[in-house]
1. Given only helices, namely DSSP H runs of n ≥ 4 each adding -39500 (n - 2.57), what is the per-residue ellipticity at 222 nm of the chain, to the nearest 500 deg cm²/dmol?
2. Take the Cα atoms of region 181-239, find their three principal axes, and give me the spread along each one in whole Å, biggest first.
3. What number results when the radius of gyration of region 35-131, computed over Cα atoms, is divided by 2.2 N^0.38 Å?
4. Quantify, in whole percent, the carbon and sulfur part of the accessible surface of the chain (1.4 Å probe; protein heavy atoms only).
5. What is the angle, in °, between the Cα long axis of helix 192-202 and the longest principal axis of the Cα atoms in the chain? Nearest 10 is fine, range 0 to 90.
6. Once ligands and nucleic acids are excluded and a 1.4 Å probe is used, how much of H77 is accessible, expressed in Å² to the nearest 10?
7. Using just the C-alpha positions of the chain as equal point scatterers, what log10 of I(q)/I(0) does the Debye formula give at each q in 0.09, 0.14, 0.15 1/Å?
8. Specify the inter-centroid distance of region 208-245 and region 53-80, based on alpha-carbon positions, in whole Å.
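The values are calculated or read from the model by the stated rules, or taken from the named source; none is laboratory data. This one's a predicted model, so the numbers in the text were calculated from it and none came from an experiment. Using ideal geometry, Cβ is built from the backbone for each residue, glycine included, and neighbour counts are taken over all protein chains shown. Calculation scope for accessible area: heavy atoms of the full protein, side chains included, ligands and nucleic acids excluded. Shrake-Rupley method; radii C 1.70, N 1.55, O 1.52, S 1.80 Å.
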Amino acid sequence: MTVTRFAPSPNGYLHLGHALSALTGWRAAREAGGRFLLRIEDIDVGRARPEFEQALYDDLAWLGLDWERPVRRQSEHFDDYRAALARLDAMGLTYPCFCTRKDITAEIARSPAAPHGPEGALYPGLCRGLDPAEARARADAGERFAVRLDVAGAMAAAGPLRWHDRIAGWQDADPGALGDVVLARKDIPTSYHLAVTVDDALQGVTLVTRGEDLFHATHVHRLLQALLGLPAPDYRHHGLIRDASGARLAKSKGAPALRDLQAAGMTPEEVRGLVGLTP
Ligand code: GLU
């Protein structure tokens, strides 16, 4: 049984890029006679807003989509992510990171050999070798810390891995490309990478459809699946919708919201045509 999902963050209104992701997942489930789920990725409780969540239900319904209920809201499941993190901790594959953004930027600027990945500079490892007693003392003194994955240790523990993308084909997992990613933020007991991996498994998702901006993230998710004993879904990373200048759509850059297009008289069929998904 094919199970797909659309997993938006209710931090703003949906735009055409979201419409493409949602329609791709919904269609794949439809065509396979499977199930389509909606998940609200609201771990960043400071940025998520109920009016954006309500708006995304309205926009998706306007597009003609339907989904199973109840909808999983990540902010209601922090214990699931804590349990997964505890497992990785127990395997000795995590470490506390006290760095501020400023510490990290300064270190990258200072060291010419700072590691870089396809998405830019990687975490330069300042806290990787921190003495555990010192880390404990700093935490006990109230200094806040994130939890990072020791990606080299994790790759050694998991061994070589592969994952499958329905467009790009089989991939040798290269989780090191994103470095020692954050698994739990200073202010939030999880991160995008951890929550998405745990939830796709808990919800029985068999096909993850999302934009190719998350292609590299999948290498990390494959590694986390292996470490946590979770099944690996199939993937379909679709191309991104770009604006007239070729930049990828983003609400921060003024991409028109679906509701603006609707207010301007556009029909759901026209939106489907715009994102290249004509029937
Ligand atoms: N919440 C993520 C986003 O809005 C979705 C990521 C995913 O589909 O895995 O970008």
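1. Details: 10 runs with 107 residues, N = 279.
Taking each H run of at least 4 residues, the total per residue is -11500 deg cm²/dmol.
2. 32, 25, 17
3. On the way: Rg = 19.5 Å, N = 97, 2.2 N^0.38 = 12.5 Å.
So region 35-131 has a normalised radius of gyration of 1.56.
4. Values: 6930 of 13370 Å².
Within the chain, the accessible surface is 52 percent carbon and sulfur.
5. Helix 192-202 sits roughly 70 degrees off the main axis of the chain.
6. 50 Å²
7. -0.46, -1.09, -1.22
8. Cα centroid to Cα centroid, the span is 20 Å.
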